[in-house]
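Read the structure below first, then the notes.
The values are calculated or read from the model by the stated rules, or taken from the named source; none is laboratory data. Since the structure is predicted, the reported quantities are computational estimates derived from the model, not experimental observations. Every residue, glycine as well, gets a Cβ built from its backbone with ideal geometry; the counts of neighbours run over all protein chains shown. Protein only, heavy atoms only, side chains kept; ligands, DNA and RNA dropped before computing areas. Shrake-Rupley method; radii C 1.70, N 1.55, O 1.52, S 1.80 Å.
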Amino acid sequence: MNILLIGSGGREHALAWSLAKSPVLNELFVAPGNAGIEQFAKCIALDPTDHRSVIEFCRLHDINFVVIGPEAPLVDGLSDSLTHAGLRVFGPSSAAAQLEGSKGFTKDMCSRANVPTAAYGRFDNAEAAKSYIREQGAPIVVKADGLAAGKGVIMAMNEQEALDAIDSCFDGAFGAAGAEVVVEEFLEGEEASFFVLSDGKNALPLATAQDHKRAFDGDEGPNTGGMGAYSPAPVMTEEMMDRVMREIIHPTIADMKAQGCPFKGVLYAGLMITKDGPKLIEYNVRFGDPECQVLMMRLKTDLLPILLGCAEGTLDLVDAEWHTDPAITVVMATNGYPGSYEKLSEIKGLVEAAADPDVEIFHAGTVVADEKLLSNGGRVLNITARAATVSQAREKAYAAVEKIDWPGGFYRKDIGWRAVEREQQD
Ligand code: AMP
Ligand code: GLY
């Protein structure tokens, strides 16, 4: 089977790495890919917003399955266009991708389907939002409704901050994403991510993970796309997973089907485990990055039939097996990220760093020029390891990180601290 994978990040490198192991795979094309993916797949320049040229490429290269990595092409309807052209796709329709594309859409789904989540109000004008904030008091959370590259969430510790956040949203700080806002209750507890596949009617729980969103050690500094992650998340016990399936995932899948936009793809539930039980913070409609890297590191079974089952409505016929050993990934990012940064600094030492068979290095923003590996983005490398304990996996990952010679980059030195602390207590 020939496959086209859309995307260029560490998530796509991990997906490509897993798909490449499938005995069913013939050729793997990745658009646009990166220097890591290029080592074993064909990277091609294709504009995912130009649906017609993606369809043409598929016809020309006899592509039997398209896997869409990031959220933007999903919200933009690439899955719909490909399906309409008779192609098989992994990734939800644009209507179902509203679960990530509009926070208000998801909150309304939660209230219809009785999914536990933070109490909220939805507003399209500043005055109504402000009076809701004055009624509720602080702390309180203000969110731009649309996709804002992870930046549209303001956790206001006092009322004034919340009122200012409303002004900046309606003044266009998040562009069109802020034309509507959700104001919601501040939840306390431990966060975890849970990944579940759905074919529109069946659900297949995959695995759990925890990520580190802040740029610097000790969870300090600005929010990023994620500076590291590990799987499984210790707070997500078997019992908690069953409860989340029952109270959150199944009601969501049933409601989406009833609304006429069945969800087919991966549901990434961002959860807060509160003292009253699990609550949904948000849904994403694609794999997390860098969470996908640790998931793929733990997946034992062939990824391809599982993703195909999702696209074909036969998810009840497949199963996913996992290594019980935990996996961890440390993100190496360019100095200055998530603010402004320079590109094209040289990276050395990758071969030595990847020598340990329990270590995989997934590339994110990299490019090769004159036979040199150069940085080409904010998040650049994901140093990933699997071992019997989180502490051991972490040692292996950091031993590899230290072999990488890249003065232009930085990384957090405390990825996995919460899980390591738990292991030390046991
Ligand atoms: P979101 O983009 O909705 O996932 O929000 C980004 C991050 O903000 C989450 O991962 C949480 O850490 C935090 N967050 C969002 N909503 C809430 C909430 N209602 N209470 C507490 N923290 C929240
Ligand atoms: N690591 C967070 C995300 O992929 O949204």
Of the candidates Pro326, Tyr283, Met240, the farthest towards the positive dipole end of region 228-355 (Lys/Arg Cβ +1, Asp/Glu Cβ -1, centred on the Cα centre) is Tyr283
Straight-line reach from Lys403: which lysines have a Cα under 24 Å away, not including same-chain ones fewer than 8 places off?
Lys343, Lys348, Lys372, Lys413
With each pseudo-label sitting 7 Å past Cα toward Cβ, what's the Asn2-Asp171 distance in nm, one decimal?
5.3
Under a 1.4 Å probe, what is the accessible area of the chain per residue, stated in Å²?
41
Positive dipole terminus of region 359-426, leading residue within Ile361, Asn382, Gln425 (C-beta point charges):
Gln425
In a GNM of the chain with a 10 Å cut-off on Cα contacts, which of Asn284, Asn125, Asn376 has the highest mean-square fluctuation?
Asn125
In whole Hz, with x marking every Gly and Pro, tabulate ³J(HN,Hα) for region 239-245 from phi via Karplus 6.51 cos²θ - 1.76 cosθ + 1.60, θ = phi - 60°.
5, 5, 5, 4, 5, 5, 4
Orientation-averaged projected area, Cα convex hull of region 282-426 (nm²)
11.1
Suppose every Lys and Arg Cβ carries +1 and every Asp and Glu Cβ carries -1, with no other charges. What dipole size does the chain come out with about its Cα centre, to the nearest 20 debye?
520
Mind listing P(r) for the chain? All alpha-carbon pairs, 20 Å bins, whole percents.
26, 60, 14, 0
For the chain, what % of the accessible area comes from carbon and sulfur atoms, probe 1.4 Å?
48
Top mean-square fluctuation among Arg11, Arg112, Arg88, Gaussian network model of the chain, C-alpha springs under 10 Å?
Arg112
At what distance in nm do the modelled label points of Glu371 and His323 sit from each other, each positioned 7 Å from its Cα along Cα→Cβ?
3.3
Beta carbons within 10 angstrom, averaged per residue: use that to sort the peptides 165-173, 131-139, highest first.
165-173, 131-139
Mind jotting down the distance between the C-alpha centroids of region 330-401 and region 161-203, whole Å?
30
Can you tell me which of Leu350, Leu381, Leu307 moves the most in a GNM of the chain? Springs connect C-alpha atoms under 10 Å apart.
Leu350
Positive end of the charge dipole of the chain (Lys, Arg +1 and Asp, Glu -1 on Cβ, about the Cα centre): tell me which of Gly409, Gly86, Ala258 has its Cα farthest that way.
Gly86
